[in-house]
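These notes are about the structure you will find just below.
Read-outs throughout are calculated quantities, based only on the coordinates presented, and are distinct from any laboratory measurement. None of these values were measured; they are calculated from a predicted model. All Cβ positions, glycine included, derive from the backbone under ideal geometry; neighbour counts span all protein chains shown.
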Amino acid sequence: MNLNSDEANRLILDDFAEVIYAPAKAFKKIIENPKYLGAIIILLLFIGIQIGYAYSQFSRTYVEETSPKIGYLSDYVNATATSSIGKEWAAGAGTNLSNNYADFYNYSVYIPALLGHYSLFGNNSLEIDSTNSNVSATLSGVFNVNCGAGGFENFSMALKMVEPQVAPLSATLTLYSINDSNYYVYDFASSLSSTTASGPWTNLTIPLGSASQGWSSGGTPNWGNVTALKLDFTYSADSNVTILIGAILFHGQYQTLIQATGTGVLISSLELYSLQFIFTWFVLTGVIYVFFKGLKANITWKPLFIALALALFVMVIRSIVNLVATFTLPAVYYPFDVSVGLSTNPFGAIYVPATAAATFIAQSKAVLNNIISMTSTFNFIVEAVFAVSYIWLGALCTIIVGTLQPEFSLLKRILISVVTIGVTILLLLLLVSAV
């Protein structure tokens with residue numbers, strides 16, 4: 001009997017539905033008349049929904065942008081001019097600038113993608129030496145950052161006042177807008193204390209923008225165009241002065257992972273989930289086929305192959321549930337140092353591995369713990385659906401084995417299915433890192 005395309009499509013949809021409510025009937029029909037079209041449809045459905053799942057999750061995940069960008073955070077504390085970014089430090093009268101490789105702000109974080117630790121701010125600090133009471137250093141020609149609406153909201157700096165053993169009378173940060181005639185000035189002397197060469201680093205975070213407090217201005221500066229910065233320190237008398245600057249950056253601007261990576265994250269999702277489905281399909285078929293051959297069963301590849309593809313409709317259902325679960329996710333904001341530790345677990349959910357989390361400063365750990373609490377419902381759903389889906393898939397494999405070899409006892413069918421599911425999950429975790 002010849003069927004037109006509409007009738008064929010209707011019968012395929014009937015097979016999908018019967019896999020859920022009448023699997024024995026469905027697999028009997030599929031094995032008697034195996035067709036690749038249904039398998040291809042399920043493959044495309046799974047990949048499409050999984051990409052939607054990734055997009056929905058990543059569009060609710062915000063990562064903090066910095067200037068300079070992560071990977072170049074050491075540029076602003078390097079006394080050597082770097083022509084590739086047009087940077088230039090200039091010292092005031094009687095002041096010398098150099099790189100200190102013995103005492104630097106060592107913030108080393110673990111990056112899962114690199115399988116190793118990485119020092120965010122490099123292996124040197126900017127050393128400022130002077131014998132004057134007035135000490136200054138200017139960084140220009142390196143940036144044009146937006147600190148206005150929608151731009152960077154904070155300026156952070158790590159510094160150590162090595163000598164003299166007194167705090168400066170004044171310490172100011174000047175941000176220039178376009179030229180030297182337009183600027184904002186902030187006095188942060190009250191945040192400093194005298195330390196020693198072996199003392200702690202002082203971490204400062206200064207709010208930016210028109211709503212921030214503590215800034216004075218000269219000329220007609222614009223927060224949307226900050227193009228240079230200057231550090232000034234004033235002491236009561238001339239003396240030997242040594243100040244170390246370990247980190248300088250603008251931050252507080254957030255983008256979703258979709259915005260930050262463009263199409264890259266969706267392309268990688270397409271590759272991952274295509275491989276995940278195809279790998280699962282072939283491993284399930286291969287393991288059961290080996291069992292059949294080992295037990296001298298008379299079986300051909302295609303009916304088993306197509307039947308297991310239809311059984312993987314369970315994966316489509318799991319993907320739909322996971323996609324709906326993303327709607328429980330609030331918008332979460334990862335600080336720049338935490339964002340470098342982001343990874344995806346075998347269920348495709350964003351997380352920070354414990355190895356990476358252990359390397360963060362206390363403030364970032366607190367933010368991460370809050371995010372974990374906020375996303376706990378989503379992660380519970382994803383993990384629970386994973387367990388249910390593979391139990392369900394195992395039950396369908398048992399039915400398929402029984403349909404192909406009805407002389408097998410129920411215990412033998414279950415054992416074949418359990419081993420097959422176990423081997424599949426193990427190989428997926430080892431080779432694809434996704435289940």
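Mean sequence separation of contacting Cα pairs (under 8 Å, at least six apart), scaled by the length of segment 66-255, corresponds to a relative contact order of 32 percent.
For a modelled paramagnetic label at Thr202, 7 Å from Cα along Cα-to-Cβ, the residues of segment 154-180 in reach, with backbone nitrogen under 20 Å, are 154-175.
How far is helix 23-32 tilted, in degrees, relative to the longest principal axis of the Cα atoms in the chain, given as a value from 0 to 90 rounded to the nearest 10? It is inclined by approximately 70 degrees. Can you give the helix-only mean residue ellipticity at 222 nm for the chain, where every DSSP H stretch with n ≥ 4 adds -39500 (n - 2.57) and the sum goes over all residues, rounded to the nearest 500 deg cm²/dmol? That calculation yields -13500 deg cm²/dmol at 222 nm. Going from the fewest other Cβ atoms within 10 Å to the most, the residues Met315, Met157 appear in the order Met157, Met315. Dipole size of the chain about its Cα centre, with +1 on Lys/Arg Cβ and -1 on Asp/Glu Cβ: approximately 2000 debye, rounded to the nearest 20. How far, in degrees from 0 to 90, does helix 313-325 lean away from the longest principal axis of the Cα atoms of the chain, to the nearest 10? With rounding to tens, the tilt is 30 degrees. Taking the three principal axes of the alpha carbon atoms in segment 66-255, the coordinate ranges are 47, 46, 31 Å, sorted in descending order. The ranking of Leu115, Leu396 by Cβ neighbour count inside 10 Å, starting from the fewest, reads Leu115, Leu396.
Using alpha carbons only, the radius of gyration of the chain set against its Kirkwood radius gives Rg/Rh = 1.18.
Quick one: helix 362-374 against the long Cα principal axis of the chain, what's the angle to the nearest 10°, folded into 0 to 90? Computed tilt is about 30 degrees. Lysine pairs in the chain whose alpha-carbon atoms fall under 17 angstrom of each other, counting only those eight or more residues apart or on distinct chains, come to 10. The loop-placed trypsin sites (Lys or Arg not before Pro) in segment 198-304, going by DSSP, that have at most 16 neighbouring Cβ atoms within 10 Å of their Cβ come out as Lys296. Ordering Leu308, Leu411 by the number of other Cβ atoms within 10 Å of each residue's own Cβ, fewest first, gives Leu411, Leu308.
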